[in-house]
Amino acid sequence: MEIFGSLATIIGLICNFKSERRATTDDEYRDFIQWLEDKRHKDIRTELEENHLLSLSIKSLLGQNHDELMLKLSSIDDALSKLTSRMTGFKELGQALRKNEELSDQAVSLLKSMNNQSSYILAEVPCFGQTRYGLSDDEMYSIFLTRLPGSGFTQSELRWIENLDIMFIKDDIEQLLSLGLISSKKEHYGGMSYRITRNATKYLHALT
């Protein structure tokens, strides 16, 4: 669909429409179509009327509770701000609009370390009252899982990460999870494992 070009365009239009209208009506989709006409988005209106699947999707969105939908749109805005906080050009724009909404240096560094064929798994390993983080691939991590974590942090299957800001590592991991840049799994040894996602690889590529 060349007129829209991206999901961001659709979301932006819906956000502007809902922001201008505090009250809801019995047919929000009809009002949205009229709003597009009033705002001189006639080509987009035509595309919507011709794309049945898209129109049904937007009808479903507009039929949601106003406050809940605005909360979802705000969450999308937050996520977009964080994702673009490291991109040249967009970084300055995001900082001007939403200060303090960015991925930390540590979060980006962690993601870059995982973007490798030999270290795409991040293991969170609790042992003797401490928690350390190590990188590995499937083969070496499988070997690690067969060993008792009680042997301490001496396992050679993991490449232990040094000089982490332990105070904020949990926050960084939560941010990466919320943005879909890593996935998580609870492990039998009491810790967690995290894997980089395909979206993260695309994101890192966009930063270069």
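Taking 0.36 nm per residue of sequence separation and removing the Cα-Cα distance, the Asp138/Lys59 pair yields an extension gain of 24.1 nm. Placing a pseudo-label 7 Å from each Cα along the Cα-to-Cβ vector at Ser184 and His66 gives an inter-label distance of 3.5 nm. For Phe128, Phe17, the ranking by accessible surface with the largest value first comes to Phe128, Phe17, using a 1.4 Å probe. Heavy-atom accessible surface of the chain, averaged per residue, reaches 61 Å², computed with a 1.4 Å probe. The alpha-carbon of Lys185 sits under 14 angstrom from the alpha-carbons of these aspartates and glutamates, leaving out residues fewer than 8 places away in its chain: Glu124, Asp138, Glu174.
Which listed residue (Met70, Leu181, Asn163) has the Cα farthest towards the positive end of the charge dipole for the chain, taking +1 on Lys and Arg C-beta and -1 on Asp and Glu C-beta about the Cα centre? Positive-most Cα among the choices belongs to Asn163. For Arg159, neighbours were defined as the other residues whose beta-carbon sits under 12 Å from its Cβ, and their charges (Lys and Arg +1, Asp and Glu -1) total -2. Note down the Stokes-Einstein diffusion coefficient of the chain in µm²/s, whole number, using a Kirkwood radius over alpha carbon pairs, 20 °C, and 1.002 mPa s. Taking Rh from Cα pairs, D becomes 106 µm²/s. Helix 52-62 and the longest principal axis of the Cα set of the chain meet at an angle near 80°. Given +1 at the Cβ of Lys and Arg, -1 at the Cβ of Asp and Glu and no other charges, the dipole of the chain around its Cα centre is 340 debye to the nearest 20.
Taking the alpha-carbon distance from Lys39 and a cut-off under 28 Å, which lysines remain once sequence neighbours fewer than 8 residues away in the same chain are dropped? List returned: Lys18, Lys59, Lys72. From helices alone, the chain scores -16500 deg cm²/dmol at 222 nm; the rule is -39500 (n - 2.57) for each run of n ≥ 4 DSSP H residues, then divide by the residue total. Site pair Asp78 and Arg21 shows an inter-label distance of 2.6 nm when each label is modelled 7 Å from Cα along Cα→Cβ. In degrees between 0 and 90, to the nearest 10, how far off the longest principal axis of the chain does helix 198-207 point, with axes built from Cα atoms? Taking the Cα atoms of the chain, the angle to 198-207 is about 80 degrees. So, R0 is 22 Å and r is the distance between the beta-carbons of Ser104 and Glu162; what FRET efficiency does that work out to, to 0.05? Efficiency for this residue pair is about 0.80.
With the simple spin-label model, which puts each label point 7 Å out from Cα in the Cβ direction, the Leu177 to Ser118 separation comes to 2.9 nm. If I fit a long axis through the Cα atoms of helix 28-38 and take the longest principal axis of the Cα atoms of the chain, what angle between them do I get, 0 to 90°, rounded to 10? Around 70 degrees separate the two axes.
Dimensions of segment 156-208 based on its C-alpha atoms, expressed as ranges along the principal axes with the largest first, amount to 34, 25, 24 Å.
The values are calculated or read from the model by the stated rules, or taken from the named source; none is laboratory data. From a predicted model like this one, the values you see are computed outputs, not experimental measurements. Positions of Cβ are generated from backbone atoms using ideal geometry, with glycine treated the same way; all protein chains shown enter the neighbour counts. These area figures cover heavy atoms from the full protein model, side chains too; ligands, DNA and RNA do not enter into them. Shrake-Rupley method; radii C 1.70, N 1.55, O 1.52, S 1.80 Å.
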